[in-house]
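Asks: Please find one structure pasted underneath; my questions will follow.
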Amino acid sequence: MTNEKLDLAWRLVEDTGANVFITGKAGTGKTTFLKRLKEESSKNIAVLAPTGIAALNAGGMTIHSFFQLSFSPFIPGIGQAGGNSRFSKYSKQKIKILRSIDTIVIDEISMVRADILDAIDAKLRRYRNAALPMGGVQLVMIGDIQQLPPVVREDEWRMLSEHYHSPYFFDSLLLRETPFETIELTKVYRQKDADFLDILNAIRENRVDSSVLRKLNARYIPGFDPKDEERYIRLMTHNHQAQRVNEHHMAALKARKHVFKAQIEGDFPELIYPAEAELVLKEGAQVMFLKNDSQEHRYYNGTIGRIRSISGDGKISVTLGDGTPPIEVATETWENMAYTVDEKSKEMKEKVVGRFTQVPLRAAWAITIHKSQGLTFDKAIINASDAFAHGQTYVALSRCRSLKGLVLESPLSHSSIISDHTVAMFEHECSANEADGKRVDGLQVEFALRLDLEIPDLTGVRNALDSLHRTIQISHASAFPKATAEFGEMLANAFKDIYDVSLRFQQQLRRMAAQGASSPAIYDRLKAAASYFTDQLDPIVDFLRSLPQEIDSKEARKKFEEAMSVVELEVNLKYALFQATLKKRLAPKDFMKIKREVSMTDPQWVKPDSKAKESLSNADIDDPELYQKLVKWRRKKAEEEDVPAYVVLGNKTLVFLANERPQTEEDLLAIPGIGRMKAAAYGSDLLALMK
């Protein structure tokens, strides 16, 4: 069975670089689409969600865990509290992953706060491309804006309200400044009851009038007390209400109490436990399955049953009340996933970091509306008269398959159906600008052109060189002033000339595309660019490889190495794209594969057909060979004395020694950094090296 909207959504994600919002009523196939993306997409995709349970259901990670965000608000221009803590320190592997991602999918987007999207944007810009939204990563948002909103405390909103119109994701600075495409899935798979669908649509579209309320309140049955075998579940607004109902019913059962303890392995935080760590059950208890039966499809996440028996060895038999044989319930295992790098394939992989094994049941005479999101029930008693947030009543009602299976514990009024004008306006804008086939065709062409333009684009290299220049003005200026000056001259002259040519190449490609130039003609220009820039970058790489590596300050050395690794990454990516372009016209999938492979590889200089060897810059040092001997001597002394190398002699002093070549103790004392104590301690060694 084809679904045109789902096909459009697939093309948008797979064949374009556009940001996408995939929305739709409950039961329209959003979860199924996400599953297909995970299994079939050719892109490197990270699947994230705002809560632990949502992440487990989506088969991904929480946003906070993946990006190591603290739970404090993100303030634009300032950041988050905890910014200098473990939350912001990324491992080399995490940085590789961030640089290799093509697409980030966020499920249950309605629950994501605006500032969290901006925090993600800031992280990706920092480790990828600072000039591009999300650092150039495609963002796919999946969810129903009419469902549960983000949770924002009053003290948090006092800070955030100075920067955001509302706490909803669509009011993030990122999405206010960045276009995204909308696909609204309309085919409902959950409900088949036409009258019930009309009621749900009226609530979504803020069209609840007296006739809609009358139809709903016809399901208000005062004193409704279903028989046990009818398997109704109560949906309630507050956790304490649901807990009280479950405890009352469990206590009323005369059967013996059984306790089932979960087995927890590895990293599985309590915050995301998918079931109770200590589950208390009795024979006769009404329970809900917490996982789909992937083997025999006898039950799904949300199926209501009753415990028929619990044997002495803990075996549980559950009946569903539909005439099917009792189900012998086995333990199930939930896996906590993380993303890692496969060093062989250079691909991002999912890795199991923790497991939670437990009986996939919970007492289910009642459940909160919040925990019911994503579930489906045949029969439910709904208490939404105390609804306190936008979307609560809609979520509760839309969990049901039909109006007939729904009973209201108290009548609903207009005040029970909370609607947010901000949400309604956003949804109206999305509907008016929904993507169609023609729009997607255009975006595919734009995406291919964007990738073509990236081949001669040296902006990433320029930014990396600028950052390295700022670093060496601190790390090298004292000991290597001439090399530092040469770097500045190279940046201002040789590289600037190359960069200006790259801009002209891009302008020419845009002009050719606008004029409808043939693919072979565009490819000819791309090959010319690849050949030209390979030749032009070679001498610059030779110069960079010859920069002195010896730096006294540990902090300055670390910053220099980090800045240099970014330059290496950007230059190596260009070389890889140039070499591939000389062989064939790169399709988008080929282009993204090359970027992934380079991003996943530890930075090191890669130069095609290069015969250059690493050598020290001679700008500051007259005798490089002597300098290298002095460096080795200093390292050995530092190890013997168990002190940092610069405590033995500063790097600037080594340069003076290599240039002045002192022959006597008096000559030594004239070298900056060598006093009588240093001369007495190291003079004989140094004079021997001079000879």
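Asks: I'm checking my understanding of the structure. Among residues of the stretch 15-33 that are crowded, with 19+ Cβ neighbours inside 10 Å and out of contact with any strand residue (DSSP E or B) (no Cβ under 7 Å at 6 or more places or on another chain), which one is modelled with the highest pLDDT?
Replies: Thr16
Asks: Kindly list the number of the only condition in (1) at pLDDT below 85; (2) open to solvent by less than 40 Å² (accessible area, probe 1.4 Å); (3) farther than 20 Å from Pro50 by Cβ that fails for Glu205.
Replies: Looking at each condition in turn, Glu205 falls short on (2).
Asks: What are the residues in the stretch 649-663 that are modelled with pLDDT of 85 or more, in a helix (DSSP H, G or I) and open to solvent by less than 40 Å² (accessible area, probe 1.4 Å), if any?
Replies: Scanning the stretch 649-663 gives Thr653, Leu654, Val655, Leu657, Ala658.
Asks: Which residues, taken from the stretch 281-292, are touching a residue at least 12 places away in the same chain (Cβ under 8 Å) and more than 11 Å from Leu361 (Cβ to Cβ)?
Replies: Answer for the stretch 281-292, where residues must be touching a residue at least 12 places away in the same chain (Cβ under 8 Å) and more than 11 Å from Leu361 (Cβ to Cβ): Lys282, Glu283, Gly284.
Asks: Go through Ser70, Ser110, Ser100 for me and flag whichever is open to solvent by less than 20 Å² (accessible area, probe 1.4 Å), in contact with a Ser or Thr (Cβ under 8 Å, 6 or more places away or on another chain) and farther than 29 Å from Phe591 by Cα.
Replies: Every option except Ser70 fails the conditions.
Asks: Please enumerate the residues belonging to the stretch 309-346 that are open to solvent by 70 Å² or more (accessible area, probe 1.4 Å), in contact with a strand residue (DSSP E or B) (Cβ under 8 Å, 6 or more places away or on another chain) and of a type in the set (Asp, Glu).
Replies: Glu328, Glu335
Asks: Being outside any loop (DSSP other than H, G, I, E, B), of a type in the set (Lys, Arg) and either touching a residue at least 60 places away in the same chain (Cβ under 8 Å) or within 21 Å of Phe426 (Cβ to Cβ) (or both) narrows it down to one of Arg207, Arg176, Arg158, so name that one.
Replies: Working: Arg207 fails: outside any loop (DSSP other than H, G, I, E, B); Arg158 fails: either touching a residue at least 60 places away in the same chain (Cβ under 8 Å) or within 21 Å of Phe426 (Cβ to Cβ) (or both).
The match here is Arg176.
Asks: Considering only residues that are open to solvent by less than 30 Å² (accessible area, probe 1.4 Å) and more than 19 Å from Leu403 (Cα to Cα), which ones fall in the stretch 216-244?
Replies: Thr237, Gln241, Ala242
Asks: Can you pull out the residues in the stretch 619-664 that are small (Gly, Ala, Ser) and within 18 Å of Arg676 (Cα to Cα)?
Replies: If the condition is that a residue be small (Gly, Ala, Ser) and within 18 Å of Arg676 (Cα to Cα), then Gly650 is the only one that fits.
Asks: For the stretch 620-639, enumerate the residues that are part of a helix (DSSP H, G or I), in contact with a helix residue (DSSP H, G or I) (Cβ under 6 Å, 6 or more places away or on another chain) and open to solvent by less than 20 Å² (accessible area, probe 1.4 Å).
Replies: The answer is Leu626, Tyr627, Leu630, Arg634, Ala638.
Asks: Name every residue in the stretch 421-479 that is of a type in the set (Gly, Ala, Ser) and either open to solvent by less than 20 Å² (accessible area, probe 1.4 Å) or in contact with a helix residue (DSSP H, G or I) (Cβ under 8 Å, 6 or more places away or on another chain) (or both), in order of residue number.
Replies: Listed by number, the residues that qualify are Ala435, Gly437, Ala448, Gly460, Ala464, Ser467, Ser475, Ala477, Ser478, Ala479.
Asks: Quick one: how many residues across the stretch 118-149 are among the hydrophobic types (A, V, I, L, M, F, W, C), open to solvent by less than 10 Å² (accessible area, probe 1.4 Å) and more than 20 Å from Glu184 (Cβ to Cβ)?
Replies: Final tally of qualifying residues: 5.
Asks: Does the stretch 210-248 hold any residues that are assigned to a loop (DSSP other than H, G, I, E, B) and either out of contact with any His (no Cβ under 9 Å at 6 or more places or on another chain) or under 16 Å from Phe377 (Cβ atoms) (or both), and which are they?
Replies: Ala218, Arg219, Ile221, Pro222, Gly223, Phe224, Asp225, Pro226, Lys227, Arg231, Tyr232, His238
Asks: In the stretch 246-273, which residues are at pLDDT below 90 and buried (at least 18 other Cβ atoms within 10 Å of the Cβ)?
Replies: Passing the criteria: only Ile272.
Asks: Given the criteria farther than 16 Å from His469 by Cα, touching a helix residue (DSSP H, G or I) at 6+ places or on another chain (Cβ under 7 Å), open to solvent by 50 Å² or more (accessible area, probe 1.4 Å) and basic (Lys, Arg), does Arg585 qualify?
Replies: Working: farther than 16 Å from His469 by Cα: yes; touching a helix residue (DSSP H, G or I) at 6+ places or on another chain (Cβ under 7 Å): yes; open to solvent by 50 Å² or more (accessible area, probe 1.4 Å): yes; basic (Lys, Arg): yes.
So Arg585 fits the description; yes.
Asks: If we only count strands (runs of 3 or more DSSP E) wholly inside the stretch 284-403, which ones have 3 or more residues that are of a type in the set (A, V, I, L, M, F, W, C) and at pLDDT 80 or above?
Replies: Counting at least 3 such residues, we get 286-289, 304-310, 332-342, 347-358, 380-383.
Asks: Go through the stretch 328-373 and give me each residue that's more than 29 Å from the chain's Cα centre (by Cα) and among the acidic types (Asp, Glu).
Replies: Within the stretch 328-373, Glu328 is the sole residue that qualifies.
Asks: Keeping to the stretch 430-472, report how many residues are under 30 Å from Pro149 (Cβ atoms) and either part of a loop (DSSP other than H, G, I, E, B) or in contact with a Phe, Trp or Tyr (Cβ under 9 Å, 6 or more places away or on another chain) (or both).
Replies: 5
Asks: Where the second residue is of a type in the set (Asp, Glu) and open to solvent by 20 Å² or more (accessible area, probe 1.4 Å) and the first is without any contact (Cβ under 8 Å) to a residue 12 or more places away in the chain and closer than 26 Å to Leu649 by Cα and lies in the stretch 470-497, which pairs have Cβ atoms under 9 Å and are six or more apart or on separate chains?
Replies: No pair meets every condition.
Asks: Can you report the number of residues in the stretch 34-48 which are under 11 Å from Val13 (Cα atoms), part of a helix (DSSP H, G or I) and either modelled with pLDDT under 90 or open to solvent by 10 Å² or more (accessible area, probe 1.4 Å) (or both)?
Replies: So the answer is 0.
Asks: Can Ile199 be described as of a type in the set (Val, Ile, Thr) and either surrounded by fewer than 19 Cβ atoms within 10 Å (Cβ to Cβ) or touching an Asp or Glu at 6+ places or on another chain (Cβ under 8 Å) (or both)?
Replies: no
Asks: Test Lys291 against the criterion of being under 29 Å from Leu408 (Cβ atoms), charged (D, E, K, R) and under 30 Å from the mean Cα position of the chain (by Cα), and give yes or no.
Replies: no
The values are calculated or read from the model by the stated rules, or taken from the named source; none is laboratory data. Treat the numbers as computed from the prediction; the structure is a model and nothing was measured. Positions of Cβ are backbone-derived with ideal geometry, glycine not excepted, and every protein chain shown enters the neighbour counts. Quick note on the areas: whole protein, heavy atoms, side chains included, nothing else; ligands and nucleic acids left out. Shrake-Rupley method; radii C 1.70, N 1.55, O 1.52, S 1.80 Å.
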